[in-house]
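Reading through the structure tokens given below for one structure.
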Amino acid sequence: MLSALSFTSPLILAALAALPAIWWLLRATPPSPKTVRFPAFIILRQLKTSDETPDRTPWWLLLLRLLLAAFVILGLAGPILNAPPPAPGAGPIMLVIDDTWAAAAHWRVRRDMMETTAAEAAQNDREIFVVTTAPERVPPEIAPITGEEMRGVAANLAPAPLAADRASAIERLASFQETLPGANLEVRWLSDGVASSADAAFFEALKEIGAVTVYADPRAHVAMLRHAEPQEEGPAYNIERLSGVGVWEGDLVATARDGREIARLPVAMKDGERTINATLSLPLALRNELSAVRIENALSAGGVHLIDARDRRALVGLVSNTDQSRDSLLSGTHYLREALNPYAEILTGPLDELLRSDVSVVVLDDVGTLRVSDDEALTTWVERGGVLIRFAGPILAEAAQDRTPALLPVPLRGGGRAFGGALTWDTPQRLDEFPAEGPFGGLIAPRDVLIRRQVLAQPGGETTERTWARLQDGTPLVTGERRGNGAIALFHITATPQWSDLPVSEMFIQMLRRLTFLSALGPETADASVETRFAPLRLMDGYGRLRPPADDDPALTAAELDEAPGPHRRPGLYGAGDAPLALNAVNAQTKFEPLKVPGALVLPYTAEPPQRLSAPLFAIALAMLLLDGLVTLWISGRLRLRGALAAAAIIATIITAALTLPNDAVAQPLDAEIDATAIDAALETRLAFVKTGDPAVDDLSAQALTALSRELYRRTSIEPAPPTMVNLETDDLSLYPFLYWPIVPGAEAPSDETLANVENFMRFGGLILFDTRDDERAVGAGSTPEAQALQRILTQLDIPPLTRVEGEHVLLRSFYLMGDLQGRLRNTPVWVQADASAAADGVTPLIIGGRDWAGAWATDDLGRPLRPMPRGGERARELAYRAGVNMVMVAFTGNYKSDQVHTPILLERLGQ
Amino acid sequence: MAPSDHNIIRHDAEEAAALFPALLVEAERIAQTVAAGLHGRRRAGPGETFWQHRPYAFGDPVNAIDWRQSARAVDRLYIRQNEWEAAAAVYVWRDPSRSLDFASLKTLPSKRRRADVLTLALAILLSQAGERIGVLGEERRPFHGRGAPTRLLEALHIDAYRDTASTPPPAHLPPGGRVVMISDFFADIDALGKSVSALAAAGATGALVQVCDPAEEDFPYEGRVEFKDLESRDRLIFGETGSLERDYRKKFAAHRDALANVARTAGWTLITHRTDNPVQTALLALYTALGDARLWT
């Protein structure tokens, strides 16, 4: 670290020698005394003073000032971290640049290096020869350029999405040497750090031109994504990195064609690991939507894997005999579509058309006899790899009466077999275990699927062999046969649930999927032989970004797309937009080993740009100067506390600003974590009370609401869960319909968050019961402490005009018909929103009173009341419960109940 | 200073005075003064209140005859005589020097302001009682009546300083006059003593009110402090003021003793007042010192 420190003008450092002189000077000058005006001078003059010598400056103040001076001197000397070393030598420079995808990840350091070289060359009038090693269609000539021109080259040169082709570079170097024999150049090889087959020869060729310095960052994290064998649960990739030093962490991100992120898999490599296998676990439906998988932030074409349309899901052709216009629930195609949809594209149409449109699976739903031409086409198609799935049905059974139709795995007996009917002996059959060697091996037979009817195969050894699924009595349910590359399967039941439960069971989907994946056919096999050329759609640049292709990028055949990328076969997407073919920068053959050049001088790229330290030093000196001023003021007694705090804050800000480097802002996730209590509250209705901070009051509120909840449960259709204590400032009130807010004396005026929260709660239909619990004391005109606290809260709230609860108010009618909302006490009136037509459908958002409802409601766990009723005894308590039930009822039903109040009037108007 | 300062002082003074009944200066020997006032002298003379009827004697002015009374008797003429009433005059001297313009804390009023309020409160109380109040050393007659406080306030020149006048000016008072001196008396005690004894010799009695800032009494300073005089612009630097506190207090007490001595010698009263105490304490002391004990007991 310190070795990277250098000074632009080191001579100024000599001024540090003057620090002792400053120290002496400062010591000699005492701080100025505190000055006060004083009238009683006549007495002061009589005082004899013993100590008239000036104060010494305190040592720490001296130290502060010395440090201040030292910082200023250091700042003036212009310290630079990681300053570029002075360049030796003259004569032309040769820059050999690996402009490959592996270099793209850290292209900036290479560009810095190029710019440094350009500046150096421009300063010393040196020529530069640039050699790039990424293969190009027409390799440029190696011609000298000036430093100024090099700046343009550095700005414009971008990495190619290809690997270095050093072998062809050797040839270009050789021809260059012929044009400039005997030249002694300074060669700087800005390598990408990836080994190739011709490294040693390339280095030798460079050495013949001049002294070679190899730049490489052996510890830079260059990661590459290589497609691996897909796994059962999804596509798999190998993430490889150049150096195994340190821990590597990254995210594997799969995106859809529209750019949506489909999956994200965090991957971490331990120290020493160079390769890790990552499998993206994706549902089949999503697998087909994949367009690219990339290592996030890898910034390299090697970190991107484009998904070929050929990897997509199967195309299934559906041929049905049933009338399409009939109710789809009665047609087999409906069940087949539902079962195949997650992983297959479904085409319907005449068979010959289907076969021409690259389907890999053909499903014949209860098709009896085929035309001869179709028969032949299907047979050749199955031989090529197609899978034919047939379903039985009345038509096939009928056709089998006469002769066994073609393209069936087993010969059928005419007619069918029905179980469980009124005149049959057999009961409906269940599925037996699947034979392990068949395509359904490993699936677990469901116990709840009953087969009621089926077509029967001619029994025989062949039939037993070709049975892929059977019933418990041994008769085949699915028979199948492999023919050529393909297969033929027959379900001995219909694709509708008429014959069996199978089409509506999950097993149906699994079985069809297994069969579908028997197919060896895909779009490429159809096209491989054809000389169709696919035009480039989007091509990758070295950073792994997709760009529109240039006019001269060649179109490729499907065969060429399978070869390794090159200057004529740039990685990217080819063909049609909805089913593009992909050519990736990395394929199975790509070498990815660290570059080893024996005997070469290898330097790291300067990872850190030079950093000038003067500014922070001056900032610290400025802060110390301010501090010194403050201290001087303080010593002379001219500093007041508030001023001191403000000044200290300013200094702290300056110091923090000087010391903190700008941090990358981290975006907050959009979906904040949901609080567990909020989830509970959302799942079950509960009453809530406001946390007052007074444990006695909070406990009483909890017990009161528990008791009230119990009474609600007992008497009404409201069945609340145990009540919750809410913090008005932080909790989400929208989950609670009813809030009990006991006011304690001396309650603080609520914060702005609280007020906003409460106002929102009231505005969107919540009901708050404010209880000052001071009824017996509030008889006179004086206001109790609780009332004052309530006033402090209410003056800040946006509350509607209030009125007393009287007469026909809905609170007195919502469940019980009552005359008063009685609490433990009943002297003072209860207030609610006055204007019935106001906001929230005229339902009062608040009830204000001092009647200590909680005291009346609260019981212990055994249901015994906790507080005595002053008047009326248990009858009064019952009335208090009724008041509570009415309040909660209003909170739950809103204006429904108030409309009920008007029912007689409405009926009267209607003339009843 | 703006007239608002007048208003503030007037307001403060009225507030202070509101707590006291009107101040009647104790009339011990008020008979000598000629001005009409409320001190009945229990003898006939010029005045408003009826004193006695007396038979007409030769030489009495005809217009003094009470015809109504005379008509009740046969062949008798009566003269109506009123009680001879005289008003006392109180002369106030408020130190106009700059040394009073001091307050050690922002929350405290300056000594000058306190002295002004005290003076005016006194004037209000006196004028309510019909007494006269004047400014010591001024040629003008003492003010009386309802306008007296206002005119006194103007005469005080609350916004002017005269640093040379830190001792009371020589004055010729009518005998029996009362003098109230309000100052911090941080000046030459001997000069003050001469002034007071001269007034006392002329028959004046009165009170010295020393208004002090708490800092002047307590000397709450620490460390190295430079003191600046308010009047002379002198400076004194003390290295360790904290250690001087005891010494200072001793000297301060000695100064006050000397002041008390001056008052005692002249038969006057010394009232000390700190600005962190309410003005009523000083006003009460003055009230006691000047008031007619017979009236307010």
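The number of residues in segment A:182-221 that are within 37 Å of the chain's Cα centre (by Cα) and part of a loop (DSSP other than H, G, I, E, B) comes to 10. B:R264 meets all of the listed conditions (1) more than 7 Å from every other protein chain (Cβ to nearest Cβ); (2) touching a residue at least 40 places away in the same chain (Cβ under 8 Å); (3) part of a helix (DSSP H, G or I) but one, namely (2).
Can you find a residue that is in contact with a Pro (Cβ under 8 Å, 6 or more places away or on another chain), at the interface with chain A (Cβ under 7 Å from one of its Cβ atoms) and in a loop (DSSP other than H, G, I, E, B) anywhere in segment B:203-216? No: zero hits. Checked against (1) surrounded by 14 or more Cβ atoms within 10 Å (Cβ to Cβ); (2) more than 28 Å from A:R172 (Cα to Cα), A:R260 passes all but a single condition, namely (1).
Checking the structure you have, find out if any residue of segment A:569-576 is among the aromatic types (F, W, Y) and in contact with an Asp or Glu (Cβ under 8 Å, 6 or more places away or on another chain). Looking through segment A:569-576, none of the residues is among the aromatic types (F, W, Y) and in contact with an Asp or Glu (Cβ under 8 Å, 6 or more places away or on another chain). Do we have any residue at all in segment B:258-269 that's more than 19 Å from the chain's Cα centre (by Cα) and of a type in the set (F, W, Y)? No, there is no match, as no residue in segment B:258-269 is more than 19 Å from the chain's Cα centre (by Cα) and of a type in the set (F, W, Y). Candidates are the residues of segment A:551-571 that are in contact with a strand residue (DSSP E or B) (Cβ under 8 Å, 6 or more places away or on another chain) and among the aliphatic types (A, V, I, L, M); the one that is modelled with the lowest pLDDT is A:A558.
Among the residues of segment B:191-246, just one is exposed (fewer than 15 other Cβ atoms within 10 Å of the Cβ), without any contact (Cβ under 8 Å) to a residue 12 or more places away in the chain and among the aliphatic types (A, V, I, L, M), namely B:A201. Of everything listed in (1) away from chain A (no Cβ under 12 Å); (2) part of a loop (DSSP other than H, G, I, E, B); (3) of a type in the set (A, V, I, L, M, F, W, C); (4) within 30 Å of B:S232 (Cβ to Cβ), the single unmet condition for B:F185 is (1). Only residues that are aliphatic (A, V, I, L, M), over 13 Å from A:P405 (Cβ atoms) and either crowded, with 19+ Cβ neighbours inside 10 Å or in contact with a His (Cβ under 6 Å, 6 or more places away or on another chain) (or both) were counted in segment A:356-392, giving 7.
For B:P174, are the conditions met, namely being under 30 Å from A:L633 (Cα atoms), surrounded by 15 or more Cβ atoms within 10 Å (Cβ to Cβ) and away from every other protein chain (no Cβ under 11 Å)?
So B:P174 fails the test.
Of the numbered criteria (1) surrounded by fewer than 17 Cβ atoms within 10 Å (Cβ to Cβ); (2) at the interface with chain A (Cβ under 7 Å from one of its Cβ atoms), the one B:A254 fails is (2).
Checking segment B:74-83 against the condition returns no match, with no residue being within 16 Å of the chain's Cα centre (by Cα) and in a loop (DSSP other than H, G, I, E, B).
What about B:R141, is it surrounded by fewer than 19 Cβ atoms within 10 Å (Cβ to Cβ), at pLDDT below 85 and away from chain A (no Cβ under 14 Å)? Judged against the criteria, B:R141 is a match. Can you spot a residue in segment B:234-247 that is within 14 Å of chain A (Cβ to nearest Cβ), of a type in the set (S, T, N, Q) and assigned to a helix (DSSP H, G or I)? So far as segment B:234-247 goes, yes, one or more of its residues are within 14 Å of chain A (Cβ to nearest Cβ), of a type in the set (S, T, N, Q) and assigned to a helix (DSSP H, G or I). Applying the condition of being outside any loop (DSSP other than H, G, I, E, B) and β-branched (V, I, T) to segment B:166-182 and asking which residue is nearest to the chain's Cα centre (by Cα) yields B:V180.
Can you find a residue that is under 44 Å from the mean Cα position of the chain (by Cα), small (G, A, S) and either modelled with pLDDT of 85 or more or surrounded by fewer than 20 Cβ atoms within 10 Å (Cβ to Cβ) (or both) anywhere in segment A:406-429? Checking segment A:406-429: not a single residue is under 44 Å from the mean Cα position of the chain (by Cα), small (G, A, S) and either modelled with pLDDT of 85 or more or surrounded by fewer than 20 Cβ atoms within 10 Å (Cβ to Cβ) (or both). For the structure I just gave you, tell me whether A:L388 is modelled with pLDDT of 80 or more and touching a Pro at 6+ places or on another chain (Cβ under 9 Å). Taking the combined requirement at face value, the residue does not satisfy it. Please verify whether B:D163 is within 14 Å of another protein chain (Cβ to nearest Cβ), out of contact with any Cys (no Cβ under 9 Å at 6 or more places or on another chain), part of a loop (DSSP other than H, G, I, E, B) and more than 19 Å from B:V209 (Cβ to Cβ), treating the condition exactly as stated. The answer is yes for B:D163. Is there a residue in segment A:67-81 that is within 14 Å of another protein chain (Cβ to nearest Cβ) and modelled with pLDDT of 80 or more? Scanning segment A:67-81, I find no residue that is within 14 Å of another protein chain (Cβ to nearest Cβ) and modelled with pLDDT of 80 or more, so the answer is no.
In the set (1) touching a Leu at 6+ places or on another chain (Cβ under 8 Å); (2) within 8 Å of chain A (Cβ to nearest Cβ); (3) aliphatic (A, V, I, L, M), B:V225 fails one condition alone, (1).
The values are calculated or read from the model by the stated rules, or taken from the named source; none is laboratory data. Given the structure is predicted, the values throughout are model-derived calculations rather than measurements. Here the Cβ is made from the backbone with ideal geometry for all residues, glycine too, and neighbour counts use every protein chain on show.
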